[in-house]
Structure formats: C-alpha cells, structure tokens
Amino acid sequence: MAEPDWTIDAAGEWALDRSHVPGGATPIIQEVMRRSMPAGMRRVFAELGVPAETLDVRFLHGWFYSRLRPLVSPDDPPARLPPRPVLKVLTRLHPEMRRRARTAERVLREAPWQQVVRTWREGGRARVEAKNLLLQDVELGRLDDVGLVHHVRRCVEHCTAQWEHHFWLHGFDLGPIGQYLHESAEWGLTTAELLPLLRGASPSTSAPARRLRGIRDALEAAGATPTTLDEARAVSPEIGAAIDQHLRHRGSLLFSSYDLDGVTLAERPDLVLQSILHAPAPDDDDARVELAIRAVRERLLAEHRDRFDVILGQARAAMDLRDDNGPTTAEWPLGLVRLSLLEVGRRLAAGGLVEVPEHALELAAAEVIPALFAGGGPTAEELSARAERRRWERSLEPPRTIGTREPAPPLDVLPASLARMVGMVNTVMAELGMDGAELAAPEAGVLRGSGIGTATLRARACVASTAEEALDLLEPGDVLVVPCTTPAYNLVLTIAGGVVTAEGGPMSHAAVLARELGIPAVVGVGGALTGIRHGSEIELDAAAGTVRSLTPAPVSA
C-alpha cells in the first residue's frame, strides 16, 4: 500500500491516543468516538469550569488523535502567545473565560463530584445496566432480517449515548483524583506516595475476582477438576448458577480492546475457566492501607491534615466510579454492538455475501440496512479489502503528535480558580500517560517505566501486539506484555503473574488493576513490544520500574 500521509486537515496540535482505541479502528467505533467524546467532554468541561471547549477527535489511517479545543480562537490558534500582561487581561475579560472562572470557583468550593458518585451508587449504574440487559436479552436468532437491522441500530445508538455518558462521568471521577494529587503535591507529597493510598477503594475492580474465587473454592470443595467451562457448570446447580450469573453481567463485555474486533468474555469460555481455576484469595490489606495513610498524614503540617483527609476521601470515593464506569458504560454497550454484527455476519456468510462472519465488523452503521441481505451493500471483496487495510493500518507506526504546536498559557496568568482547575487536569493527564510526553528510551538490557507495587517477579513473558494474541498464548503466572489494557481486564488478569504495558501512566487502567489486584506491573515502557521477546524469561521489578530480559526467547516461539 502507498506510504501513509500523516497530516490532519485541521488547525492545532493533535496527539495520538492509544489508550482508547487501537490502530486500524473499525468504521463504527470511529463513528461512535467522533460523536460521543466531543459531546461528553464539552458538557463536563462547561460544568466543571475547565477553560477549554472540548476534546476534538480525528482518525487518520485508523489511528485515533485528539486535540484540546481552546475556548478562544479554536480554529485559528496563535503560533505565539501574547505578552503575559495582555494574556492576564484577556483571561479576565473574555465572557466565556469569566463564566468558566466562576464555575470553577463554585466547583472547587462545592465538590459536585460527590453527588455524581452518590447518584451512580444509588441507581445510576443500575439504570445503565438495565438498558444493557434489555438489549442483551434479545434472542438474535429469532429476529428476521429487518428486526436484526433495527436491533443493530438500537445497539449502536445505545453505545453512542453511553459512551457520551462515559466521557461525561470521567470528569467527575477523575476530577477529585486530580485534585487530590495536585493539592497534595503542593505540600511536597509525590505520586508514588499518594496513589497507593487509593488501593482498596474500588470494589468494582476487586469484586469480580472475589466472585471467581468463590466459584473456585466451591469446585475445590467438591473435589472437581474441570477441563471445560461446561464441566464446571455441571459440578453442581449452585456452581452452574454462579457461573451463569457472572457471565450475565460480564459475558458481553469487550475485555480485550475498545474496538469491535475485540473479544467478549463469553466468546472465550477457556479464559473464563482459567480465571476461575487461578482466582487468588482476596488480599484484604485495609489495615496496611490505613497505616500508610496515617504515615503520610503525619508528615504533613497540622494545618493541612484536615484538608488532606477531605480530598483523599473524595478521591477514594471516586475510584470505584472510575473503574465501574468503563465496563458498564463503554465495554458492555460496545460488546452488544459486536454480538449483533456477528449475527449479521453469520447470515451474510450463509448467503455467500461475505467470506467470514467477522467481515460484518467492517460495515459502517449506515450500511446495515435490510437490502444488505439481498446483496445491496458492500461486496464480499470490498469487505475483505477493508479488513486487510485495517490489518495494514495496525502495523503502522504513527507519529505521537501531528500539526502545529499550540503553546499553553502559563498558569499564573489565569484567575486562581482556573489555574487550579488546569493544574488538576494536567496532573491527571500526566498520570494517565496522556500528556504527550515521550516514553523512556530503552537502555542496554533494561526497559523502564512506572512501577506499580514493590514486588520483583521472574517469569515467562507473553508478548503480543494485540490482546487477543496475548490471551491465546497466556499461561498462568506469565507476565502479560501488551500495548495497554481496559478496565474489563480484571475478568482475566488474575491468570497473569505480572503486567507490562507499552502505554499509560500510574493512573492508567493497567496500573489501577494491578494495584487493586496486588499484581506487580510496569506501565508506559518504551520499547516493550520490541524489546521483550515472547517466551523469554524476564525480571519485572515493580519497585524500580524496570524490566530485564534474563534469557532469550525459545527457538520455537
């Protein structure tokens, strides 16, 4: 194929984002992202007083780029900032900046995220889950072609609406975490000290592992050693019901990526069984976390301790919303779209209209029409070519940024409330690994990133450029080496002994999952996918944030 042109026909600087969508994105996920992210972020920026309009979205050769769209001259950003005195006046006279400053002041005083967290716990989550189940419970095989088309459209619209809700919620789950990290840094505390104090605050992360452990205990009590999930179900009615209940609420989640060619958990019963058989005992370390909190608190001046208690409490309350948000509002709705399209693909394949059912994932939403089943859509050859092009796009090495750099105004020219809000946002972006910073370059025999935990682990590396490939090869105790993870990885991550990701920071999904599940990890490791060979023995030192290869990969790998 032709050499790709990495230019975007839009103003400003665009940053590559590998954390949400992998390269070679399908048409429908591109549509969902273009519609949902700018809308959700526009709402939450206005409601929290962030001095930016939204996050704009573009896809280039299947790769996802975003740009923070400024409030002032968004389509004609200046190459240089005005003098500081002029900037200071402008930020106080511009009508929308003045509104945002008043909003930010109120938000910092009233902490509205507390109400959003309560609403989620007291019915918000249940309402989204009920909508998911309503679509999930439709028996696709009993729908006629017109009914199936209608169902696909309902799933896509539901997914788009929930993804908008997902991005809106992120302002209220990341806001208090950013406040906690940003304010505490002003007292001399570091991220490495602060993030471990959030451990245990997310039952949404640990609860699935506890449920799986309960099933494992029941199997062991029955003396059963099943080799298939169906064998496990057959051990007792109680065990079968527990497995079915687990899959009812987790089976349709896309657990391996944020795109339609990811895999839902129910499609991999082998991994479900392995996650049951290797589910660890719960690591109840509340007492240790409490001791760590006390130790950090005692280092503060007495005048800061009450405030520290408040912002830590709000951050811990927000952690569960953050980790519940993704699986419920993003991965489950997108999994429903995948499953509905696969049913379309099976019917098209039966009629000789596609080569394999998975090629239905190459369709755009507007192409899913009743005439599709009579040959009134893209041909089998065209859909096959689209799949091949996406494979090629996924192999590309896209630039981390595109376009003209947009200088950000220094914080000290902003009104105090806006300066604090921007500081909170910048802190979160950095800890998520989304600030555009270059990853650490590999050293001789050593790869570096952000370590999660304190353990050192020597184990076999399971390396793949996609999660599906890695999970096909993963053996219990391996170190899983992947580009990034999603929150739904907690459904299978207990199989792994450790985790290494090429992308992300200390607040990325992989880091949070590792911290909650007690698994050592190193995230944001530059060169991880090329510097670590599948099948080789590696040493993961979470305390040092390093990964070393101890042996070469087996010849057969």
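Here are Glu355, Glu381, Glu393: which of them is surrounded by 20 or more Cβ atoms within 10 Å (Cβ to Cβ) and farther than 24 Å from Leu253 by Cβ? Explain how you work it out, then say what you get.
Values: Glu355 fails: surrounded by 20 or more Cβ atoms within 10 Å (Cβ to Cβ); Glu381 fails: surrounded by 20 or more Cβ atoms within 10 Å (Cβ to Cβ).
Residue meeting the stated conditions: Glu393.
Taking only pairs six or more apart or across chains, which ones have beta-carbon atoms under 7 Å, a first residue in the range 500-516 that is outside the structural domain of Asn426 (by TED's automatic domain parsing), and a second residue that is in a loop (DSSP other than H, G, I, E, B) and among the charged types (D, E, K, R)?
These pairs meet every condition: Glu503/Arg18; Arg515/Arg199; Glu516/Arg199.
It is to be established whether one or more residues within the range 175-197 are closer than 30 Å to Ala364 by Cβ, among the acidic types (Asp, Glu), in a helix (DSSP H, G or I) and free of Cβ contacts under 8 Å to residues at least 12 places away in the same chain. Working first, answer last.
Keep residues of the range 175-197 that are closer than 30 Å to Ala364 by Cβ, which gives none.
There is no residue in the range 175-197 that is closer than 30 Å to Ala364 by Cβ, among the acidic types (Asp, Glu), in a helix (DSSP H, G or I) and free of Cβ contacts under 8 Å to residues at least 12 places away in the same chain.
Can you tell me which residues in the range 257-304 are of a type in the set (A, V, I, L, M, F, W, C), more than 30 Å from Val152 (Cβ to Cβ) and assigned to a loop (DSSP other than H, G, I, E, B)? If you could, list the steps in order and put the result at the bottom.
Of the range 257-304, the ones of a type in the set (A, V, I, L, M, F, W, C) are 260, 263, 265-266, 271-273, 276-277, 279, 281, 287, 289, 291-293, 295-296, 300-302.
Checking which are more than 30 Å from Val152 (Cβ to Cβ) leaves us with 273, 276-277, 279, 281, 287, 289, 291-293, 295-296, 300-302.
Result: Ala279, Ala281, Leu300, Leu301.
How many of the residues making up the range 169-192 are buried (at least 21 other Cβ atoms within 10 Å of the Cβ), hydrophobic (A, V, I, L, M, F, W, C) and either over 17 Å from Pro506 (Cβ atoms) or touching a Pro at 6+ places or on another chain (Cβ under 9 Å) (or both)?
Residues in the range 169-192 being buried (at least 21 other Cβ atoms within 10 Å of the Cβ), hydrophobic (A, V, I, L, M, F, W, C) and either over 17 Å from Pro506 (Cβ atoms) or touching a Pro at 6+ places or on another chain (Cβ under 9 Å) (or both): 2 in total.
Kindly indicate whether His20 is buried (at least 16 other Cβ atoms within 10 Å of the Cβ), in the same structural domain as Glu157 (by TED's automatic domain parsing) and over 18 Å from the mean Cα position of the chain (by Cα). Before the answer, list the steps.
Values: buried (at least 16 other Cβ atoms within 10 Å of the Cβ): yes; in the same structural domain as Glu157 (by TED's automatic domain parsing): yes; over 18 Å from the mean Cα position of the chain (by Cα): no.
So His20 does not fit the description; no.
Is it true that some residue in the range 230-244 is of a type in the set (S, T, N, Q), in contact (Cβ under 8 Å) with a residue 60 or more places away in the chain and in contact with a helix residue (DSSP H, G or I) (Cβ under 8 Å, 6 or more places away or on another chain)?
Filtering the range 230-244 down to residues of a type in the set (S, T, N, Q) leaves 236.
Restricting the remaining residues to those that are in contact (Cβ under 8 Å) with a residue 60 or more places away in the chain gives none.
Looking through the range 230-244, none of the residues is of a type in the set (S, T, N, Q), in contact (Cβ under 8 Å) with a residue 60 or more places away in the chain and in contact with a helix residue (DSSP H, G or I) (Cβ under 8 Å, 6 or more places away or on another chain).
Looking only at the range 497-515, filter to residues that are aliphatic (A, V, I, L, M) and under 19 Å from Leu321 (Cβ atoms); which one of those is surrounded by the most Cβ atoms within 10 Å (Cβ to Cβ)?
Here is the first cut: in the range 497-515, the residues aliphatic (A, V, I, L, M) are 499-500, 502, 507, 510-514.
Adding the requirement that they be under 19 Å from Leu321 (Cβ atoms) leaves 507, 510-513.
Working: Met507: 26, Ala510: 32, Ala511: 28, Val512: 27, Leu513: 26.
Step by step, filter the range 497-515, then rank; the result is Ala510.
Are there any pairs with C-beta distances below 6 angstrom linking a residue in the range 126-150 that is within 17 Å of Ser204 (Cβ to Cβ) to a residue that is part of a helix (DSSP H, G or I), with the two at least 6 apart or on different chains, and if so which?
Val128/Thr328; Val128/Thr329; Asn132/Trp332
Quick one: count up the residues across the range 390-408 that are farther than 17 Å from Ser465 by Cβ and either assigned to a helix (DSSP H, G or I) or not aliphatic (A, V, I, L, M) (or both). Write out each step before concluding.
In the first step, residues of the range 390-408 are kept if they are farther than 17 Å from Ser465 by Cβ; the result is 399-408.
From the residues that got through so far, the ones that are either assigned to a helix (DSSP H, G or I) or not aliphatic (A, V, I, L, M) (or both) too are 399-401, 403-407.
Residues in the range 390-408 being farther than 17 Å from Ser465 by Cβ and either assigned to a helix (DSSP H, G or I) or not aliphatic (A, V, I, L, M) (or both): 8 in total.
Would you confirm, using the coordinates I've provided, whether Leu71 is of a type in the set (A, V, I, L, M, F, W, C), modelled with pLDDT under 95 and surrounded by fewer than 16 Cβ atoms within 10 Å (Cβ to Cβ)?
Working: of a type in the set (A, V, I, L, M, F, W, C): yes; modelled with pLDDT under 95: yes; surrounded by fewer than 16 Cβ atoms within 10 Å (Cβ to Cβ): no.
Here the answer is no, as Leu71 does not meet what is asked.
Taking the conditions exactly as written (part of a helix (DSSP H, G or I), without any contact (Cβ under 8 Å) to a residue 12 or more places away in the chain and not hydrophobic (A, V, I, L, M, F, W, C)), does Glu343 satisfy them or not?
No: the conditions fail for Glu343.
Right, Val32: crowded, with 18+ Cβ neighbours inside 10 Å and in a loop (DSSP other than H, G, I, E, B) or not?
no
Please find, among Leu60, Leu81, Leu90, the residue that is buried (at least 18 other Cβ atoms within 10 Å of the Cβ) and more than 18 Å from the chain's Cα centre (by Cα).
On the way: Leu81 fails: buried (at least 18 other Cβ atoms within 10 Å of the Cβ); Leu90 fails: buried (at least 18 other Cβ atoms within 10 Å of the Cβ).
On inspection, the qualifying residue turns out to be Leu60.
The values are calculated or read from the model by the stated rules, or taken from the named source; none is laboratory data. Just so it is clear, the structure is predicted and the values come from calculations on it, not from any experiment. Cβ: placed from backbone, ideal geometry, glycine included. Neighbour counts: every protein chain shown.
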